[in-house]
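The structure appears below as structure tokens.
The values are calculated or read from the model by the stated rules, or taken from the named source; none is laboratory data. Since this is a predicted model, take the numbers as computed values, not measurements. Using ideal geometry, Cβ is built from the backbone for each residue, glycine included, and neighbour counts are taken over all protein chains shown.
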Amino acid sequence: MLALTGFGIIVVLLSCILFRKLSALVALILIPCLGALIAGYSPHEISLFIMDGLRSIVPAAGMFVFAIIFFGVVSDAGMLDPIIGRIIKMMGLNPVRITIGTVVLTLLIHLDGSGAVTFMITVPALLPLYERLGMQKRILACLVAMAAGCNVLPWVGPMIRASATMQTPAAVLFQPLIPVQIAGFCLVFFYAYRFGKKEQQRLGLVPGGQEASGYSYQISEEKLALRRPKLFWPNIILSLAVIISLVAGWVDAVVSFMAGTAIALIMNYPNVEDQKKRVDAHAKPALMMASILMGAGVLVGIMKNSGMLNAMAVAAVSGVPESMSSQIPLILGLISTPLSLFFDPDSFYFGVMPVIAQVYQTLGGDPLEVARAALLGVQTTGFPISVMTPSTFLLVALCKVDVGEHQKFSLPYLWSCSVVMTLTAALLGVISL
């Protein structure tokens, strides 16, 4: 009965989210509660399940909120402006430099963990260069997608969702993936070099290029008023301190970002009213994700503490051949990018992944391997081509390419990055062979 109820909750939850019948927040709260009532649990018992789930979610939600505000504040202060300007100047009118510079710039901008923000800053800064030389805009879309997709940081959406579902600090999931992502970055830079060489030959341009005279990184007057150019190095040092302390595990991630946010606000905007405005400017996306994560706490708490998750795993184990049981993370990693075409982040990380992880744990494996395998493709390398994420449509609109053309051109490259990272993870023992 418990297994059947659990599977019913997952199916209804996925259907409501995928077919836009309910928002993710409403579905994550109401459907598990209704399922638990049907399974015979009292409101008091359900309340205890939920409170236990919420306690496990609070650190992840807090980290995400303060990560968004921190990177928003230092970006408002202009920390990235000199870097963007320098990269664009170094590119000149050389296609190889432009494609490689596209990857470098995207990786830097994506430090805030938001795909949408990365696209909105990177593409408008680079598109005029691509258009000026006649370079293919689908290459711009593909390179930006690959660089952002392979850059799986502890504060990006999929990582936070996986952390919340597995009730494990994001840093614990992230640290073993560092060398794996380096392999992915190497492949992205190889593709960038190859794209640049092909465009150079197609356009008949001589190697070396020339300075991109007459073109510079433009900043609106409204944003210019927020810039603090004299605080460039203090902001860089602060950002490095926050990231290093998080990755090294010196302090909890939420503490690192809370302290970083407070220092960034005082340092860049001493006036109290200015501090309030900067927090308000970034509060909407922060609170939206925090509320979804709290909703995930309801789902995780009910599914785990009611015994449904364990019952579902036991039922599913009977259908898994013993010879394949140890390869579940590897198989998941290899198909993770295409899965992004069918599942949005909430439905996969809150609905599908917990079941797979529990099955693998029941078979004697480490469930964290499943989470790490999923993070190598599901809504990471896969998010910039998935119609399940609005960021995809933002990217193609900014690049002025058709979404179908973008998917057809970029999918093989994004998938290959995911496959290389998965195989690297297997060879390094991050996931089991």
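Brief remarks follow.
- Single unsatisfied condition, Asp366 versus (1) within 23 Å of Leu299 (Cα to Cα); (2) touching a helix residue (DSSP H, G or I) at 6+ places or on another chain (Cβ under 6 Å): (2)
- Residue in the stretch 355-372 that is under 15 Å from the mean Cα position of the chain (by Cα) and surrounded by 24 or more Cβ atoms within 10 Å (Cβ to Cβ) present: yes
- Residue among Val96, Val152, Val156 that alone is in contact with a Gly (Cβ under 6 Å, 6 or more places away or on another chain) and under 20 Å from Asp346 (Cα atoms): Val156
- Residue, farthest from Pro169 (Cα to Cα), within the stretch 255-296, restricted to residues that are surrounded by 16 or more Cβ atoms within 10 Å (Cβ to Cβ) and modelled with pLDDT under 85: Pro285
- Within the stretch 389-433, the residues that satisfy the criterion of being in a loop (DSSP other than H, G, I, E, B), touching a helix residue (DSSP H, G or I) at 6+ places or on another chain (Cβ under 6 Å), within 27 Å of Ala357 (Cα to Cα) and not aliphatic (A, V, I, L, M) are Thr389, Ser432.
- Segments classed as helices (runs of 4 or more DSSP H), wholly inside the stretch 99-188, with at least 2 members that are modelled with pLDDT under 85 and farther than 22 Å from Gly333 by Cβ: 115-133
Conditions (1) at pLDDT below 90; (2) more than 21 Å from the chain's Cα centre (by Cα); (3) crowded, with 18+ Cβ neighbours inside 10 Å; (4) not in a helix (DSSP H, G or I), marked per residue:
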position	(1), (2), (3), (4)
Gly6	yes, yes, yes, no
Lys21	yes, yes, no, yes
Leu30	no, yes, no, no
Leu37	no, yes, no, no
Gly53	yes, yes, yes, no
Ile57	yes, no, yes, no
Val65	yes, no, yes, no
Ile68	yes, no, yes, no
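- Contacts under 9 angstrom Cβ, first residue in the stretch 14-41 being on the phi < 0 side of the Ramachandran plot, partner surrounded by fewer than 17 Cβ atoms within 10 Å (Cβ to Cβ) and part of a loop (DSSP other than H, G, I, E, B), 6 or more apart: Ser15/Lys21; Cys16/Ser23; Ile17/Ser23; Leu18/Phe342; Ala27/Lys21; Ala39/Met1
- Screening the stretch 394-411 for residues that are crowded, with 20+ Cβ neighbours inside 10 Å and over 20 Å from the mean Cα position of the chain (by Cα) and picking the one that is nearest to Ala125 (Cα to Cα) gives Cys399.
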